[in-house]
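Enquirer: I'd like to ask some things about the structure below.
The values are calculated or read from the model by the stated rules, or taken from the named source; none is laboratory data. Keep in mind it's a predicted model, so treat the numbers as computed, not measured. Heads up, the Cβs are rebuilt from the backbone with ideal geometry, glycines too, and the neighbour counts pull from every protein chain shown. The accessibility values were calculated without ligands, DNA or RNA, using every heavy atom of the protein model including side chains. Shrake-Rupley method; radii C 1.70, N 1.55, O 1.52, S 1.80 Å.
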Amino acid sequence: QVQLVESGGGLVQPGGSLRLSCTASGSDFSINSMGWYRQVPGKQRELVARITNGGSTNYADSVKGRFTISRDNAKNTVYLQMNSLKPEDTDAYYCNAKIVLVGRSSVYQYWGQGTQVTVSS
């Protein structure tokens with residue numbers, strides 16, 4: 001019933017910026033929170049940032065002061081503004097949403113398809 005579609009990845013030079021977007025589509029659902037994770041081959045997927053629909057945020061220490069997560073609840077969309085990008089930020093970035101389906105009480109977790117961010121000169 002729910003799909004997450006990501007966009008905004010690409011190639012940038014160190015110090016540059018990108019903005020990732022992720023939109024949840026479908027019907028009969030509400031979103032508890034949305035976030036961004038990243039994963040390099042051979043490493044575990046790690047939390048980058050998360051935001052609740054109430055506006056509470058959580059960031060990985062490595063991105064604090066450089067990345068900003070925001071959301072538009074009416075559009076079921078989460079954004080990740082990435083500034084001062086470093087080569088070590090190079091990763092596949094995955095959107096995540098914790099969703100409650102109408103008629104259900106449990107929270108379900110959904111993932112986007114991933115978008116590649118490459119920081120290189």
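Enquirer: Going through T23, T68 one at a time, which residue ends up being farther than 19 Å from L4 by Cα, in a strand (DSSP E or B) and either at pLDDT 95 or above or open to solvent by less than 60 Å² (accessible area, probe 1.4 Å) (or both)? Before you say what the answer is, go through the steps one by one.
Expert: On the way: T23 fails: farther than 19 Å from L4 by Cα.
Result: T68 is the single residue among T23, T68 that is farther than 19 Å from L4 by Cα, in a strand (DSSP E or B) and either at pLDDT 95 or above or open to solvent by less than 60 Å² (accessible area, probe 1.4 Å) (or both).
Enquirer: Okay, next question. Given the residues S120, S70, which is the only one that is under 20 Å from S17 (Cβ atoms), in contact with a helix residue (DSSP H, G or I) (Cβ under 8 Å, 6 or more places away or on another chain) and of a type in the set (S, T, N, Q)? Spell out how you get there, then give the answer.
Expert: Values: S70 fails: in contact with a helix residue (DSSP H, G or I) (Cβ under 8 Å, 6 or more places away or on another chain).
Testing whether each residue is under 20 Å from S17 (Cβ atoms), in contact with a helix residue (DSSP H, G or I) (Cβ under 8 Å, 6 or more places away or on another chain) and of a type in the set (S, T, N, Q) leaves just S120.
Enquirer: Something else now. Consider Y59 carefully, then state whether it is touching a residue at least 12 places away in the same chain (Cβ under 8 Å) and surrounded by 15 or more Cβ atoms within 10 Å (Cβ to Cβ).
Expert: Taking the combined requirement at face value, the residue does not satisfy it.
Enquirer: Looking at V107, is it more than 23 Å from Q3 (Cα to Cα) and either open to solvent by 20 Å² or more (accessible area, probe 1.4 Å) or modelled with pLDDT of 95 or more (or both)? Lay out the reasoning, then the answer.
Expert: Working: more than 23 Å from Q3 (Cα to Cα): no; either open to solvent by 20 Å² or more (accessible area, probe 1.4 Å) or modelled with pLDDT of 95 or more (or both): yes.
So V107 does not fit the description; no.
Enquirer: If you don't mind, another one. Consider M82 against the criteria (1) surrounded by 15 or more Cβ atoms within 10 Å (Cβ to Cβ); (2) modelled with pLDDT under 95: it satisfies all of them except one. Which criterion is unmet?
Expert: Among (1) surrounded by 15 or more Cβ atoms within 10 Å (Cβ to Cβ); (2) modelled with pLDDT under 95, the lone unmet condition for M82 is (2).
Enquirer: Let me ask another. Restricting the first residue to segment 76-102 and requiring it to be closer than 24 Å to Q13 by Cβ and in contact (Cβ under 8 Å) with a residue 60 or more places away in the chain, which pairs with a second residue that is surrounded by 17 or more Cβ atoms within 10 Å (Cβ to Cβ) and among the charged types (D, E, K, R) meet a Cβ separation below 6 Å and a spacing of at least six or different chains?
Expert: From segment 76-102, the pairs are Y93/R38.
Enquirer: When you scan segment 26-56, how many residues do you find that are open to solvent by 70 Å² or more (accessible area, probe 1.4 Å), within 16 Å of the chain's Cα centre (by Cα), modelled with pLDDT under 95 and small (G, A, S)?
Expert: 0
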